[in-house]
Amino acid sequence: MKKASIITAIIAAVALAPGFGAADAGHGAAIGKPGDPKKVTRTIAIAGSDTMRYSPSEINVKRGETVRLVVKNSGKLDHELVLGSLKALKEHAELMRKHPEMEHDEPHMAYVRPGETREIVWQFARAGTVQFACTVPGHLEAGMVGKFKVGT
Ligand SMILES: [Cu+2]
């Protein structure tokens with residue numbers, strides 16, 4: 001019995017270990033997908049600052065809409081905007097904490113150094129909420145989160 005539960009634990013650990021990428025890809029469908037720049041209907045400017053807030057932090061979009069997010073860092077620290085579910089964002093933040101040197105640049109994220117501006121072209125697929133956060137260590141925890149309210 002004890003042996004069986006240890007084996008179960010090992011299986012669970014193995015299943016979870018490479019699961020980060022897989023889970024992320026799976027949830028990618030729920031949050032939408034990289035958009036076609038030709039189909040952009042709206043440009044939305046979002047600024048991240050050292051007060052650990054985004055401005056604006058709540059944005060209404062429509063299901064199926066393709067938007068260009070212009071992410072500006074108006075602070076003196078590095079910031080980032082990563083789209084995802086809160087769960088995936090927390091996992092990403094944890095990964096960043098363990099591997100601060102980690103290079104990561106995917107279509108659903110924009111890493112902005114002080115004074116920089118970067119863009120994400122994104123198409124929202126489902127009605128509901130798509131969250132975003134800064135996964136620079138400590139920032140999400142300090143409240144650097146925001147959300148898109150995807151309407152029909
Ligand atoms: Cu930040």
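Since every read-out is calculated from the coordinates, none of them should be taken as a lab result. Just so we're clear, the structure is a prediction, and the values are computed from it rather than from any experiment. Cβ sites come from the backbone with ideal geometry, for glycine too, and all protein chains shown count toward neighbours.
Within the range 100-127, take every residue that is without any contact (Cβ under 8 Å) to a residue 40 or more places away in the chain and more than 15 Å from the ligand (Cβ to nearest atom) and give me the one that is farthest from Lys38 (Cα to Cα).
Per the criteria, the residue is Glu101.
Considering the range 69-81 alone, what residues qualify as being aliphatic (A, V, I, L, M), crowded, with 19+ Cβ neighbours inside 10 Å and within 14 Å of the ligand (Cβ to nearest atom)?
Result: Val71, Leu81.
Which of the residues spanning the range 29-57 are within 16 Å of the ligand (Cβ to nearest atom), β-branched (Val, Ile, Thr) and surrounded by 14 or more Cβ atoms within 10 Å (Cβ to Cβ)?
Within the range 29-57, just Ile46 meets the criteria.
Out of (1) touching a strand residue (DSSP E or B) at 6+ places or on another chain (Cβ under 7 Å); (2) farther than 16 Å from Gln123 by Cα, the odd one out for Lys87 is which?
Going through (1) touching a strand residue (DSSP E or B) at 6+ places or on another chain (Cβ under 7 Å); (2) farther than 16 Å from Gln123 by Cα one by one, Lys87 breaks only (1).
Scan the range 82-99 residue by residue and report those that are within 12 Å of the ligand (Cβ to nearest atom) and either among the small types (Gly, Ala, Ser) or more than 16 Å from Met144 (Cβ to Cβ) (or both).
Passing the criteria: only Ala93.
Would you pick out the residues in the range 61-86 that are farther than 23 Å from Thr51 by Cα and not hydrophobic (A, V, I, L, M, F, W, C)?
Lys62, Arg63, Gly64, Glu65, Thr66, Arg68
Let me spell it out: the conditions are (1) of a type in the set (A, V, I, L, M, F, W, C); (2) without any contact (Cβ under 8 Å) to a residue 24 or more places away in the chain; (3) within 14 Å of Ile31 (Cβ to Cβ), and Val67 meets all of them except one. Which number is the exception?
(2)
Might you check whether a residue that is within 17 Å of Gly138 (Cα to Cα), crowded, with 16+ Cβ neighbours inside 10 Å and touching a strand residue (DSSP E or B) at 6+ places or on another chain (Cβ under 8 Å) occurs anywhere in the range 58-68?
There is no residue in the range 58-68 that is within 17 Å of Gly138 (Cα to Cα), crowded, with 16+ Cβ neighbours inside 10 Å and touching a strand residue (DSSP E or B) at 6+ places or on another chain (Cβ under 8 Å).
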